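Report on one structure; see the data block that follows.
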Amino acid sequence: MDSTKVLDVKGLACPMPVVKVKKEMDTLNEGDILEVHVTDKGAKADLPAWGKSSGHELLQNTEEDGVLKFWFKKS
Amino acid sequence: MSLKPMSAKELTSYVIDRDKEVFVLDVRAKEAFDDWKIEGEGVSILNRPYFDLMDGVEEILEELPQDMPVVVVCAKEKSSIFVGEMIAEATGQELFYLSGGMRAWSEHLEPVKIGDLEDGGELYQFVRIGKGCLSYMIVSDGEAALIDSSRMTEPYENFVKEKGLKLTHVIDTHLHADHISGGRKLRDMTGASYWLPPKDAEKVTFHYEALEDGRDITVGQTKVAIHPVYSPGHTIGSTSMVIDDQYLISGDILFIDSIGRPDLAGKAEDWVADLRDSLYRVYAELSDDLYVLPAHYAKHSEMDQYGRVTEKLGVLFEKNSGLNIQDEENFRKTVSENLPPQPNAYQEIRQTNMGKIAPSEEEQADMETGPNRCAVS
């Protein structure tokens, strides 16, 4: 996927992944795609939930070797 | 700044004590909150995910009460501190976060005395308040027996140590699917005998004592006899126990306000008849005066003002709707249709209890997250 920006928050624990993602998202433009790499298990449920509540569309997510990846489209 | 930690033990006192009130601000995602939350008569609760409060907490300030403690709660604790600090800064008022979060809440065990036994023994109920699991300790003449041990063995170890007891028997009424048993761990640490119903233990990988009808277990010199009563239904081997001719340990067969579910090993249809026979024939033949002590409770209303979960068998035959389904077909429908969702990771939990897999402590804690769901109601 053509990501505008990649944000690596591996090793950070709740609530920091979502806090960082939100901050980063605030700097992007509408339609940009933010790719997030995260290892915190809590983020697995919280990032999609945050996307839903903030209106940024979750385009795709994967899990490989303990690393979760999310792609959000800025609304 | 006036954000302070509140321990799971302290929060438990608010849940048990009917005269106390507490306000819980749960900052987990809605899905997690809907699945499992802190409940109790004096508990008011508001769910607002932390990620909706990152821009500020102003919108929820007026929803926070002034006349009772406010406790911010999340999965582990960091997000509750994050939100709690913002509230403390905005209001300058004292508030709390739940130390260790819902993880700690799930693991807290509160010992509550049920009563005295003949010849001077005592019976304690350990209430796992966050999960609704109940375990029991029989104490007599310096010895102790533990029934349906939870995964966390420390509260029992501390209790035994404080009272100067020796743990001699650890008993599971059945192979659990909703929580990991601490039975084997305690056996290994203390040398106590570990008892399991043989029909539930066919695939276990370790040595155990067969918990069987007619094979009494004695605790202490004073002979607090435990009479196992074979009562299949929840699992094929489920075994109840009568203690001291006063108490009926009913495992996951009979609860205060509901009855067991027969499907967690995937055999709902096969075991419906067993469950019915155990409840409507085996239990019906026991004394009405026995106090029923189940392995779970579902609602705070099942608990009395001292935190005890128990009721006389005769009262349950009158009031528990699960014991009052006269038509067999209706009974079959009730216990095999519209079952609640299965507990989190119940298959892995069964495998762990059989000794077939050995997850790490962290993995075990994750497997047990959420409510127990062993009942139909």
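The values are calculated or read from the model by the stated rules, or taken from the named source; none is laboratory data. Given the structure is predicted, the values throughout are model-derived calculations rather than measurements. With ideal geometry, Cβ positions are generated from the backbone for all residues, glycine too; neighbour counts draw on all protein chains shown. The protein model used for the area step is the full one, side chains on, heavy atoms only, and it has no ligands, DNA or RNA in it. Shrake-Rupley method; radii C 1.70, N 1.55, O 1.52, S 1.80 Å.
Looking at region B:93-209, the strands (runs of 3 or more DSSP E) lying wholly inside it that each contain 3 or more residues that are of a type outside the set (Ser, Thr, Tyr) and buried (at least 20 other Cβ atoms within 10 Å of the Cβ) sit at B:95-98, B:122-128, B:133-140, B:143-147, B:166-171. Filtered by the rule that a residue be within 14 Å of another protein chain (Cβ to nearest Cβ) and touching a Leu at 6+ places or on another chain (Cβ under 9 Å), region B:26-41 gives B:Asp26, B:Val27. Restricting attention to region A:38-58, which residues are away from every other protein chain (no Cβ under 13 Å) and exposed (fewer than 15 other Cβ atoms within 10 Å of the Cβ)? Passing the criteria: only A:Glu57. For region B:295-314, indicate whether the set of residues that are in contact with a Lys or Arg (Cβ under 6 Å, 6 or more places away or on another chain), in contact (Cβ under 8 Å) with a residue 12 or more places away in the chain and in the same structural domain as B:Thr235 (by the TED database) is non-empty. Yes - at least one qualifying residue is present in region B:295-314. Take B:Val24 and decide whether it is within 21 Å of A:Val19 (Cβ to Cβ), at pLDDT 95 or above, open to solvent by less than 30 Å² (accessible area, probe 1.4 Å) and not in a loop (DSSP other than H, G, I, E, B). Answer is no for this residue.
Taking the criterion of being open to solvent by 30 Å² or more (accessible area, probe 1.4 Å) and either in contact with a Phe, Trp or Tyr (Cβ under 8 Å, 6 or more places away or on another chain) or under 13 Å from B:Tyr50 (Cβ atoms) (or both), the residues of region A:15-32 that qualify are A:Met16, A:Lys22. Each residue in region B:42-59 was checked for being more than 9 Å from chain A (Cβ to nearest Cβ), farther than 26 Å from B:Asp19 by Cα and not basic (Lys, Arg), and 5 of them qualify.
For region A:59-75, what are the residues that are open to solvent by 30 Å² or more (accessible area, probe 1.4 Å) and within 14 Å of chain B (Cβ to nearest Cβ)? Matches in region A:59-75: A:Gly66 only.
On the stretch given as region B:62-79, residues that are within 9 Å of chain A (Cβ to nearest Cβ), touching a residue at least 40 places away in the same chain (Cβ under 8 Å) and outside any loop (DSSP other than H, G, I, E, B) total 1.
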